[in-house]
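Shown next, in C-alpha cells, is the structure this report addresses.
The values are calculated or read from the model by the stated rules, or taken from the named source; none is laboratory data. A quick note: this is a predicted structure, and the numbers were derived from the prediction, not measured. Quick reminder, even Gly has a Cβ in these numbers, built from the backbone with ideal geometry, and neighbours come from all protein chains shown. To get the accessible areas, we keep the full protein, side chains included, count just its heavy atoms, and leave off ligands, DNA and RNA. Shrake-Rupley method; radii C 1.70, N 1.55, O 1.52, S 1.80 Å.
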Amino acid sequence: MILITGDDSIYSEGLRSLREKLQGKYKLLVVVTDRDRSTSGHSITLHRPLRLKQLEKNVYIVDGTPTDCVVLALNVLLKTPPEMVISGINNGKNLGDDITYSGTVAAAFEATLMGIPSLAISLVVENDEKAFFDTAAYFTNKLVELTLKNGLPQDTILNINVPNLSLSEVKGIRITRQGKRIYGDHIMKRKDPRGRPYFWVGGDIMKVDKSQGTDFRAIEDGFISVTPVRLDLTKYDVFSSLKYLEKINFGA
C-alpha cells in the first residue's frame, strides 16, 4: 500500500497525474486536503474537530492540513503502515527555504517521523505556464520502484523538484543541497467595505543562491533536483562555541 497526500487539494492536476501513473501497479490510498492548503507548513489541527470524508474507494478528503491527512490515514484508516508515503505532485516549486513553509514537504516529514519512507514531489511551474505533470509522474514512478527496492536512510525524506519540461528535455538528475532564497518584506494594507484594515502578506524575491550543487541551480540547468532532508535539525558543529552557556551560575 502506498499513501498519497498533498496540500493542493483533491482537485489538483498533479495528484491526478500521479494517481493515473501509479494505479494498477500499486495499491493506493489517497488522503488529501479538501482545499488548497499551500504554505501550511507542519501545522496540525488541535483546537477543532476534523472531518474525514470518503469520496470513493480508497479516496478521502480532510478539512485540515496535509499533516492532518497523514495522521488520520495512519491512525484511523490503516491497520498497518504503508510501504511508502508520497506527497504531491505539488503545483509549484519547493526549493531552498520553501521547505520550511511547505505543506507538501511537511506531510512527508510527518510520515518519516513514524518510520515510513517518504517522498515530497513538486513541479517547478509558474501560474501561466503549461504544466508538464506527466514528466514529474513518470519520474516519480521510477523513483518509487527504486525506493521500494533500496529503501531510504533513516530519518530522511527526499525533497524532489522537477523542472517544468517535457520528458525529452530533462537533462538528468542531480543530488542537491538546499539553496537559499531571500524575500523582500512586503505587506499590503487595505480596508474592507466597512473601513476595517486587512493585510496581504507577500514579498518579491530579492536574491537566490544558484551556486553549484544547489537545488535552484539544478532546476535552472534543466535537471531534476533530489535533496535529502533530515529530521534532526541539531547544528552539532556549534556545540563547543555554546559551552559558555553551561557555566551560568543560577545561584548568583
Heavy-atom accessible area per residue of the range 1-85, all protein chains kept, 1.4 Å probe, expressed in Å², is 53 Å²
Residue-normalised 222 nm signal for the chain, counting each DSSP H run of n ≥ 4 as -39,500 (n - 2.57), nearest 500 deg cm²/dmol, is -6000 deg cm²/dmol
In whole percent, the Cα-Cα distances of the range 61-117 spread across 5 Å bins from 0 upward as 4, 19, 29, 26, 15, 6, 2, 0
Filtered hits (aspartates and glutamates, Cα-Cα < 13 Å from LYS21, offset >= 8 within chain) -> GLU13, ASP134, GLU145
Taking every DSSP bridge whose two residues both lie in the chain, the antiparallel percent to the nearest 5 is 40 percent
Applied in sequence order to the range 136-152, the curve 6.51 cos²θ - 1.76 cosθ + 1.60 (Karplus, θ = phi - 60°) yields integer Hz couplings, x standing for Gly and Pro, of 5, 5, 4, 5, 4, 4, 5, 5, 4, 4, 5, 5, 5, 7, 9, x, 10
Packing-ranked peptide list from 140-151, 14-25, 92-103, 77-88, highest mean Cβ count within 10 angstrom first, is 92-103, 77-88, 14-25, 140-151
Diffing the range 172-177: the Karplus 3J(HN,Hα) column from phi (6.51, -1.76, 1.60, θ = phi - 60°), in whole Hz with x for Gly and Pro, holds x, 10, 10, 7, 10, 9
Ranked output for segments 163-172, 46-55 by mean other Cβ atoms within 10 Å, highest leading, reads 163-172, 46-55
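So which of LYS53/LYS79; LYS93/LYS207; LYS142/LYS235; LYS142/LYS207; LYS93/LYS142; LYS149/LYS210 end up more than 25 Å apart by C-alpha?
Cα-Cα > 25 Å for LYS142/LYS235; LYS142/LYS207; LYS149/LYS210; rest within.
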Looking only at aspartates and glutamates whose Cα falls under 15 Å of LYS180's and that sit 8 or more positions away or on another chain, we get ASP97, ASP98, ASP204, ASP209, ASP215, GLU220
Taking placed amide H atoms and a strict 5 Å upper bound, the residues 5 or more places from ILE89 or on another chain that come that close are LEU15, LEU18
The rounded separation in angstrom of the Cα centers of the range 1-71 and the range 83-105 is 13 Å
Taking every C-alpha to C-alpha distance in the range 1-130 and binning by 10 Å from 0, the per-bin percentages run 14, 50, 31, 5, 0
For ASN164, the residues 5 or more places away or on another chain with a placed amide H closer than 5 Å to its own amide H are VAL124
Percent antiparallel among DSSP beta bridges confined to the range 1-65, rounded to 5, stands at 35 percent
Rg (one decimal) and Dmax (whole number) from the Cα set of the range 37-87, in Å, equal 11.3, 31
Kirkwood Rh over alpha-carbon pairs of the chain plugged into Stokes-Einstein at 20 °C, 1.002 mPa s gives a D in µm²/s of 110 µm²/s
Carbon and sulfur atoms account, in whole percent of the 1.4 Å probe accessible area of the chain, for 52 percent
Phi angles of the range 226-233, converted by Karplus (6.51 cos²θ - 1.76 cosθ + 1.60, θ = phi - 60°) into ³J(HN,Hα) in whole Hz with x for Gly and Pro, give 10, 10, x, 10, 9, 6, 6, 8
Interchain or sequence-distant (5+) residues whose placed amide H lies within less than 5 Å of the amide H of ARG177 are THR214, ASP215
